[in-house]
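Before I ask anything, let me first share the structure, which is written out below as structure tokens.
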Amino acid sequence: MEMDFSNLTFEIRENVALVGLNRPLKRNAINDVLIDELGLAVTAAGASAKVAVIYGHGDHFCAGLDLAEHAERTPFEGVLQSRKWHRIFDEIERGPIPWVAALHGAVVGGGLELAAAAQIRVAEPTSFFALPEGQRGIFVGGGGSVRIARLMTASRMADLMLTGRTLSAAKAEQLNLIQYVSEPGKAFDEALGLASKIGTNAPLSNFAITQALPRIQDLSHNDGLFFEALMAAFTQTSPDAVERLRAFLEKRADRLAKPRD
């Protein structure tokens with residue numbers, strides 16, 4: 001399946017959707033056209049693939065919001081645009097399929113907000129992470145105050161926004177912004193490998209993880225446990241789960257891989 005975009009590339013490789021931000025001369029800054037195309041691509045990926053990888057063409061993943069367009073908005077237009085970002089990023093975080101972000105170069109501002117919506121983030125060693133909103137006289141508008149603050153804590157996020165501090169990939173991993181640091185130049189390959197593996201999972205389990213797990217974090221302790229029990233019962237009785245559990249018990253299933261750093 002191919003779709004014709006001006007600011008994105010989109011393809012399905014086996015059961016993996018590949019969504020590439022494609023404004024390399026602008027460091028893949030997110031303008032109005034790109035965000036609209038991203039919304040279409042996210043919906044298409046959810047309808048036609050089992051898992052998706054989002055990455056950036058050129059030297060950077062994404063340098064954030066295109067400030068040239070943002071400066072011309074009225075406050076009301078700004079609210080509407082922010083809410084559009086929220087809807088699209090929510091479909092990545094809590095949509096029908098898991099997403100893996102392959103990161104390199106700048107992962108800044110709205111680019112970091114976009115990456116935070118993915119379930120898994122893989123970064124090259126040369127990646128750098130920043131939230132320069134304080135220096136630009138603006139505030140995050142793509143869900144970062146919710147997602148990034150929960151990943152690294154609100155106080156650490158405030159540090160980035162207030163001081164303009166830039167984090168290396170190693171420091172970002174330490175602060176829980178990313179889960180993997182790849183070999184140089186290999187973030188996309190590693191992300192694709194992870195996505196291909198995720199695509200072999202039971203679709204209902206993947207759906208439960210992407211849908212239920214973030215919502216459980218929003219619940220009280222007791223409500224979260226009750227929701228977990230419902231999801232456990234719902235998934236384990238599906239025909240797919242019954243067959244996979246039987247294969248494991250009969251030693252026909254693959255065993256767990258050795259741990260990696």
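What follows draws every value from the coordinates through simple rules; no lab data is involved. Owing to the predicted nature of the structure, the values given are computational and were not obtained by experimental measurement. As a convention, Cβ positions derive from the backbone with ideal geometry for all residues, glycine included, and neighbour counts pool all protein chains shown.
Tell me whether the range 186-236 comes out rounded, prolate or oblate; compute the Cα gyration tensor, take square roots of the eigenvalues as a ≥ b ≥ c, and use a/c under 1.5 as the rounded threshold.
Values: a/c = 4.94, a/b = 1.98, b/c = 2.49.
In terms of gyration-tensor shape, oblate.
Continuing with the same structure: Rg/Rh for the range 94-189: what does it come to with C-alpha atoms and Rh from Kirkwood?
0.95
Explain nothing, just compute: Karplus ³J(HN,Hα) = 6.51 cos²θ - 1.76 cosθ + 1.60, θ = phi - 60°, for every residue of the range 38-53 in order, whole Hz, x for Gly and Pro.
Per residue, the Karplus-derived 3J(HN,Hα) values read 4, x, 5, 5, 5, 5, 5, 4, x, 8, 10, 9, 9, 7, 9, 10 Hz.
Further question: Tell me the net charge near G224. Cut-off is 11 Å between Cβ atoms, G224 excluded, with +1 for each Lys or Arg and -1 for each Asp or Glu.
Here the count lands on -2.
Counting only helical runs of four or more DSSP H residues, what would the 222 nm mean residue ellipticity of the chain come to if each run contributes -39,500 (n - 2.57) and the total is spread over all its residues?
It comes out at -15000 deg cm²/dmol, rounded to the nearest 500.
Per q in 0.10, 0.13, 0.17 1/Å, what log10 I(q)/I(0) does a Debye calculation on the alpha-carbon atoms of the chain return?
-0.51, -0.86, -1.40
Right, next: If you take every DSSP beta bridge fully contained in the range 8-198, what fraction is antiparallel? Give it as a percent rounded to 5.
30 percent
Which peptide among 215-228, 115-128, 162-175 comes first, and what is the full order, when sorted by highest mean count of other Cβ atoms within 10 Å? List each step's numbers first, then the result.
Details: 215-228: 11.8, 115-128: 23.3, 162-175: 16.0.
Going from most to least packed, we get 115-128, 162-175, 215-228.
Let me check against my output: what whole-number percent is the relative contact order of the range 144-201, with C-alpha pairs under 8 Å and at least 6 apart?
22 percent
Could you pull out the pairs from K171/K197; K26/K197; K84/K171; K50/K84; K84/K186 whose alpha carbons sit more than 29 Å apart here?
With Cα atoms farther than 29 Å apart: K26/K197; K84/K171; K84/K186.
Could you tally the net charge around R94, taking each other residue with its Cβ under 14 Å from the Cβ of R94, Lys/Arg +1 and Asp/Glu -1?
On the way: positive: R87, R147, R150, R215; negative: D90, E91, E93, D218.
Overall, the nearby charge balance is 0.
Name the shape class, rounded, prolate or oblate, that the alpha-carbon gyration tensor gives for the range 106-249, where a ≥ b ≥ c are the square roots of its eigenvalues, rounded holds for a/c under 1.5, and otherwise prolate holds if a/b is larger than b/c and oblate otherwise.
Cα axes put the range 106-249 in the oblate bin.
Along the positive direction of the dipole of the chain (beta-carbon charges: Lys, Arg +1; Asp, Glu -1; about the Cα centre), which of G134, A17, L160 reaches farthest?
L160
Quick check: net charge around L175, other residues with Cβ under 13 Å of its Cβ, Lys/Arg +1 and Asp/Glu -1? Please list the in-between numbers first.
On the way: positive: R121, R150, R156, R165, K171; negative: D159, E173.
Computed value for this residue: +3.
Continuing with the same structure: For the chain, what relative contact order do you get, as a whole percent, if you take Cα pairs closer than 8 Å and at least 6 residues apart?
Value for the chain: 16 percent.
For the range 8-198, with only Lys/Arg (+1) and Asp/Glu (-1) charged at the beta-carbon, what is the dipole magnitude about the Cα centre, in debye rounded to 20? Don't skip to the answer; put the middle values down first.
Numbers: 19 positive and 21 negative charges, 82 e Å.
Dipole size: approximately 400 debye.
OK, next. Output the 0 to 90 degree angle, nearest 10, between the alpha-carbon long axis of helix 75-93 and the longest principal axis computed from the alpha carbons of the chain.
The two axes meet at around 20 degrees.
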